[in-house]
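Q: One structure follows; several queries about it will come next.
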There are 2 protein chains.
Amino acid sequence: MTTIVLHNGPIYILDPAQPVAQALAIRGERILAVGDEATVRAAAGNRIEVIDLRGRAVIPGLTDAHVHIVLHGLARQQVRLTGCADFMAALDQIAAAAQRLPPGAWLRGNGWDHTLWGGRWPSRADLDRVCPDRPAMLSRKDGHSLWVNSRALELAGITAATPDPDGGQIQRDEHGEPTGILFETAMELVRAIVPPPTRAERLAALRLAINEALSYGLTSLHVPPATNPADGPDTLIDLQALRADGDLTIRVLAHIAGAHLDHAIGLGLRSGLGDDWLRIGGLKLFADGSLGSESAHMLAPYEGRDHTGIAVIPPAEMKEIVTRANAHGISVVVHAIGDAANRSVLDAIAAARPTAIHLALPNRIEHAQILDPHDIPRFAELGVIASMQPIHCTADMAVADRLWGKRCATSYAWRSLLDAGATLAFGSDAPVETLDPWAGIHAAVTRQTTDGAPAGGWYPEQRLALSEALAAYCTGPAAAEAATDRKGRLSPGMLADLAVLNGDPFQIPAERLHTLRAELTMVGGKIMFERR
Amino acid sequence: MTTIVLHNGPIYILDPAQPVAQALAIRGERILAVGDEATVRAAAGNRIEVIDLRGRAVIPGLTDAHVHIVLHGLARQQVRLTGCADFMAALDQIAAAAQRLPPGAWLRGNGWDHTLWGGRWPSRADLDRVCPDRPAMLSRKDGHSLWVNSRALELAGITAATPDPDGGQIQRDEHGEPTGILFETAMELVRAIVPPPTRAERLAALRLAINEALSYGLTSLHVPPATNPADGPDTLIDLQALRADGDLTIRVLAHIAGAHLDHAIGLGLRSGLGDDWLRIGGLKLFADGSLGSESAHMLAPYEGRDHTGIAVIPPAEMKEIVTRANAHGISVVVHAIGDAANRSVLDAIAAARPTAIHLALPNRIEHAQILDPHDIPRFAELGVIASMQPIHCTADMAVADRLWGKRCATSYAWRSLLDAGATLAFGSDAPVETLDPWAGIHAAVTRQTTDGAPAGGWYPEQRLALSEALAAYCTGPAAAEAATDRKGRLSPGMLADLAVLNGDPFQIPAERLHTLRAELTMVGGKIMFERR
């Protein structure tokens, strides 16, 4: 068996005992040796294939611990108008996409922002000009309005006579005719009739998204289940299909939908079943809503409001569900944004402890965006993984300041959690935010947007050192998978999951961390991505 | 990493290109090299640990492709009176077991045969003398009658006034009082009140059974799900619990209960998920009953009878279920004994083909005891694994002769199936028959009981060569797991699953094959059993 030797560049193995190595040898799917050139050469033997790093840095493969990977791929296949400031260019892009689609297929898009187009709302007439025959539907960047063409309105049966639904509005012209812009719940009138993506479309989307992930140096993904039946069957099915085709080129931990607890218990399925390519994770639950929609569940009212958000699963029910899951060897993976939601989940996990049995994977909280200071040490005490997405911090900090005020001192509180002994597992939440983990690492280290705002960083005392941020993308997610014996570091015997970067993260200024990319990504000793 | 070298004995690698090797090297969980001493030593390097075979033979680890492993362990924990011809010795054995049990626990036993005790049925009074305080229940060897004590009758509320249930009989004395023997459905009156085994009892039973399996040289098991809720939760749960404790020392393919198809579809679970230690198999279904109970479903009436047995799942429904399972990536594992049952399953698998998707594992028929000659080539044509238990042939041949007559020419038709290109996967059906695979290999090669009856073998044209029988315990089951790239042979790169035997199967006479045992069994390069 040929041994692959990487040398001639810094190899960051994320092992505190020996942070940088000169060379690394891989045999089969695992790392054979790491260290100085002579030691590695001696271990590698004679049948070697050498990869000359030419000074490029190597890091352990990154894990995105929270990514809706099929949805991200589907969003990528849509017309993407994010940041597009030229309305005519936007229409050209739509026209080109409309021509590529098969007859009858819906044109879908997202990311447009009419404030970049002079503030005039686009209309169905604009869309009809470039997409007359097929229905078209494009979400605004915030997801709160939808731009549709005449064919879509016709298929949805929306006319001047259609009343506005509760909680929504059909934008109308001076004659009362729908203009093609639908707000809030009125969007559902169209969305409800869009056929779900076909199997082939979903698999193509998945391949696209995985290739994008590999291009950043990601080698593992933790994937929530599909929650909307309109998005098609569960992601787990698509992953198994891709694997059956021999095309699963990234490792995946796939969580189970909360609604499927009875199925899992009925089958006797426990968290952790699977192998290093595809493994069953925990039961995905929702404790509350989101910051932007003011539905994150808070202990005290939102600033300037008289409400505290929504407990999607109330605390008593949360205890019941978590106890039932943990008593059947199924760990939980709970969406909790607000401080009350986080407390509810921590309380539920504490209550579940006496009857929890053989949990192969730790329980975890997803997002954990704002925490009461008393709850911060409880993550470590209860062994709960803090699965957080640093990019949410810099994307939402203005909204957070407005709605949470000075409580923000313990929001996105990576430093406090780490200092209290918690394990951090970082991710993207793509397609809600970019899939790019370097954007996340940049946010974790600077707590600034890529424009450098605010100066000095937002609540900079919560910043992480680069090595800590990298660990939250490597060893932290490995701990969440109970896989620290084989993932997260580049030590002998570990799986050969690594990335060769286009720059050295420990040498470039922090404000440029988000520009890093993989030039080569290896999973299990195989090159799964190489930049040409 | 130290390399283990085995040498100084014949190593049967089951690779037709190189049937016997002199030495074999193992590194980690896999085979590094196999061949002549010099080649293997050169590949092994300097850090080696040598196992001197001292002439003992090595074979690939065997797979039992059909074993109720928890039930087998539970049966092993009971008082076993199989072959016990001394009634007083039987009572002594029961008395000793009764004293070992915790207060209140049921004494359970099996295997007694009153024809060995002079023909007198044992009574509750006999049992009360050695087991007065706790309830006791012992199944006759054929499972059609139950011997219970007074405490068991009392707990079940069986008195002189209790009527015989439909299809059963309470044996009574001259005063109408129950004697302690219950026939057929009357056994359920007691069985229904026996508490299921506790979790600790099940896990202890599983450990015991796995150790027994390893002692024969078995390294993989294919396990049907628990079908009787009284036996406790599904075996899959116990296997995951054992694994969580780090005690899963044998590889397992675990099938799903037919009743759980909706759970599997709901979760999006497909056959093949798992790793080389624990993997999800197919959906276990029952097409018919059994030969002895005349419920195996036959194309023509049983000899001297006017009935054809029972289609437990009728053909139309079988097509529906198999089509639905296969269309969701779930293969089927169908119990079919009679020729009509086998045809029904083959028809169903053929009907399911157009919509079957991404079946990671092949469909299979369990038992396939008697086949219409027209159906024999269909196993290969449809890619259906013939999962058979050779010991059933020699245990049941007298009954088969009586009930199936000359149709027996294509019963237990290993040779015909193999010649028609089918893949055979052999197993034990323990605890119905012995777990010992060497008893099965003996039966497959001789078609005789271990007493040598009948002379020349029963339908000897269906005998297998030893190498073919071994393949049906090695490469055949590996094909049923879609694992021929890493299991079933001792070739470089394959998993180091092997057994060192106490004799050479290719040198000893066929009539002594059933005396072989493992002296050392290795799974994934680790010694999991060693005879002291």
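The values are calculated or read from the model by the stated rules, or taken from the named source; none is laboratory data. These figures come from a predicted structure and were not determined experimentally. We place every Cβ from the backbone using ideal geometry, glycine too, and count neighbours over all the protein chains shown. What goes into the accessible areas is simple: the full protein's heavy atoms, side chains included, and nothing from ligands, DNA or RNA. Shrake-Rupley method; radii C 1.70, N 1.55, O 1.52, S 1.80 Å.
Q: For B:His222, which sequence-distant residues (separation of 5 or more, or a different chain) have an amide H within less than 5 Å of its own amide H, given hydrogens modelled in the peptide plane?
A: Result for B:His222 returns B:Asp64, B:Ala65, B:His66, B:Val67, B:Leu253.
Q: Taking a label point 7 Å from the Cα of A:Gln169 along the Cα→Cβ vector, which residues of region A:144-159 have an amide N closer than 16 Å to it?
A: Zone members listed by number: A:144-147.
Q: With only Lys, Arg, Asp and Glu charged, each at its Cβ (+1 for the first two, -1 for the last two), find how big the charge dipole of the protein assembly as shown is about the Cα centre; round to the nearest 20 debye.
A: 1840 debye
Q: Further, regarding this structure: Semi-axes of the equivalent ellipsoid of region A:242-351: what are they in whole Å, largest first, if each equals the square root of 5 times a C-alpha gyration tensor eigenvalue?
A: Whole-Å semi-axes of the equivalent ellipsoid: 31, 18, 10.
Q: A follow-up question, please. On full extension of the chain, what length is gained from A:Glu511 through A:Thr450, given 0.36 nm per residue of separation minus the C-alpha to C-alpha distance?
A: Extra length available between A:Glu511 and A:Thr450 comes to 21.3 nm.
Q: Then there's this: Report the accessible area of B:Cys408, computed with a 1.4 Å probe over the heavy atoms of all protein chains in place, in Å² rounded to the nearest 10.
A: B:Cys408 has an accessible surface of roughly 0 Å² with all protein chains in place.
Q: In the protein assembly as shown, if the dipole is taken from +1 on Lys/Arg beta carbons and -1 on Asp/Glu beta carbons about the Cα centre, which of B:Ala443, A:Gly524, B:Gly274 is farthest to the positive end?
A: It is A:Gly524, whose Cα lies furthest towards the positive end.
Q: How many angstrom lie between the C-alpha centres of region A:376-442 and region A:1-58?
A: Each part's Cα centre sits 34 Å from the other's.
Q: Give me the mean projected area, in nm² to one decimal, of the convex hull enclosing the Cα positions of region B:199-522.
A: Mean shadow area of the hull around the Cα atoms is 16.4 nm².
Q: Just subtract the alpha-carbon distance of A:Met1 and A:Arg54 from 0.36 nm times their residue separation and send over the number in nm, one decimal.
A: 16.6 nm
Q: What total accessible area, in Å², is buried where chains A and B meet, using a 1.4 Å probe and rounding to the nearest 100?
A: 2400 Å²
Q: Across the residues of B:270-283, average count of Cβ atoms on other protein chains within 10 Å?
A: Mean partner-chain Cβ count within 10 Å for B:270-283: 4.
Q: To the nearest 20 debye, what is the magnitude of the charge dipole of region B:107-191 about its Cα centre, counting +1 on the Cβ of each Lys and Arg and -1 on the Cβ of each Asp and Glu?
A: Its charge dipole is roughly 340 debye.
Q: For region A:462-521 and region B:485-502, what is the separation of their Cα centres, given in Å?
A: Between the Cα centres of region A:462-521 and region B:485-502 lies a distance of 37 Å.
Q: When the dipole is taken about the Cα centre of chain B, and only Lys, Arg (+1) and Asp, Glu (-1) are charged at their Cβ, what size is it in debye, to the nearest 20?
A: 1180 debye
Q: At A:Glu461, with labels set 7 Å past Cα in the Cβ direction, how many nm apart are the copies from this one, shortest first?
A: A:Glu461 label point versus its equivalents elsewhere: 9.1 nm.
Q: Given Cα positions, please report Rg to Rh for region A:355-427, the hydrodynamic radius being the Kirkwood one.
A: A ratio of 1.02.
Q: Could I ask something else about it? Of B:Pro509, B:Ser491, B:Ala257, which is farthest towards the positive pole of chain B's charge dipole, taken about the Cα centre with +1 and -1 on the beta-carbons of Lys, Arg and Asp, Glu respectively?
A: With unit charges placed on the Cβ atoms, the residue in question is B:Ser491.
Q: Still on this structure: Give me the number: length gained by fully extending A:Ala380 to A:Asn8, i.e. 0.36 nm times residue separation minus the C-alpha to C-alpha distance, one decimal in nm.
A: Using 0.36 nm per residue and subtracting the Cα-Cα distance, I get 130.0 nm.
Q: Right, something else. Peptides A:22-32, B:28-38, A:470-480: what's the order by average Cβ count within 10 Å, highest mean first?
A: Sorting A:22-32, B:28-38, A:470-480 by mean packing, highest first, produces A:470-480, A:22-32, B:28-38.
Q: Sketch the reach of a paramagnetic label on B:Asp485 as a point 7 Å from Cα along Cα-to-Cβ, and name the residues of region B:340-365 whose backbone nitrogen lies under 17 Å away.
A: Correct set: B:358-362.
Q: Give me a single rounded figure for A:253-266: the average over its residues of other chain Cβ atoms within 10 Å of their Cβ.
A: Neighbouring Cβ atoms belonging to other protein chains average 3 per residue here.
Q: Where the Cα atoms of region A:62-172 are projected onto their three principal axes, how long is each span, largest first, in whole Å?
A: Principal extents (largest minus smallest coordinate, Cα): 53, 34, 32 Å.
Q: Taking N as the number of residues in the protein assembly as shown, what is its alpha-carbon radius of gyration divided by 2.2 N^0.38 Å?
A: Dividing the Cα Rg of the protein assembly as shown by 2.2 N^0.38 Å gives 1.06.
Q: Probe radius 1.4 Å, ligands and nucleic acids left out: which of B:Leu418, A:Leu267 has the largest accessible area, and how do the rest follow?
A: Result of the area sort, largest leading: B:Leu418, A:Leu267.
Q: A further question follows. Along the charge dipole of region B:199-522, which of B:Ala336, B:Ala213, B:Thr423 sits closest to the positive end, that is, farthest toward it, with unit charges on the beta carbon of Lys, Arg, Asp and Glu (+1, +1, -1, -1)?
A: Positive-most Cα among the choices belongs to B:Thr423.
Q: Determine the relative contact order of chain A: mean sequence separation of Cα pairs under 8 Å and six or more apart, normalised by residue count, in whole percent.
A: 16 percent
Q: So the label point goes 7 Å from the Cα of A:Glu177 along Cα→C-beta, right? Which residues of region A:112-128 then have their backbone N under 11 Å from it?
A: What the label zone holds, given the 11 Å backbone N cut-off, is A:124-125.
Q: Seen from all sides and averaged, what is the projected area of the convex hull of the Cα atoms in region B:1-152, in nm²?
A: 14.3 nm²
Q: Using 1/(1 + (r/R0)^6) with R0 = 30 angstrom and r between the beta carbons of A:Asn502 and A:His144, what's the FRET efficiency to the nearest 0.05?
A: Efficiency, from the Cβ-Cβ distance: 0.25.
Q: Related question: Restricting the calculation to Cα positions, tell me the Rg (one decimal) and the Dmax (whole number) of region B:3-55 in Å.
A: 10.2, 31
Q: So who's got an amide H within less than 5 Å of the one on A:Arg364, skipping anything under 5 residues away but keeping other chains? H placed 1.01 Å off N, in plane.
A: Sorted by chain and number, the residues that satisfy this are A:Val332, A:Val333, A:Val334, A:Ile385.
Q: For A:Asp113, which inter-copy label distances result when the label point lies 7 Å beyond Cα on the Cα-to-Cβ vector, reported in nm to one decimal and in ascending order?
A: Nearest first, the other copies' label points are 8.5 nm away.
Q: Related question: Would you give the gap between the C-alpha center of region B:281-315 and the C-alpha center of region B:127-166, rounded to a whole Å?
A: Result: 31 Å between the Cα centres.
Q: For region B:107-191, divide the Cα radius of gyration by the Kirkwood radius and give the resulting Rg/Rh value with two decimals.
A: Dividing the radius of gyration by the Kirkwood radius yields 0.93.
Q: What percent do you get for the relative contact order of region A:337-425 when only Cα pairs under 8 Å and 6+ apart count?
A: Once divided by the residue count of region A:337-425, the mean separation gives 33 percent.
Q: Separate question: Modelled label-to-label distance, B:Glu461 and B:Arg531, 7 Å Cα→beta-carbon offset: nm?
A: 3.8 nm
Q: From the label point of B:Ser293, set 7 Å along Cα to the beta carbon, how far off in nm is each other copy's matching point, shortest first?
A: 5.4
Q: Using DSSP to call loops (not H, G, I, E or B), can you name the trypsin sites (Lys or Arg not before Pro) in region B:81-166 whose Cβ has at most 12 other Cβ atoms within 10 angstrom?
A: Of the trypsin sites (Lys or Arg not before Pro), the ones in loops of region B:81-166 whose Cβ has at most 12 other Cβ atoms within 10 Å are B:Arg120.
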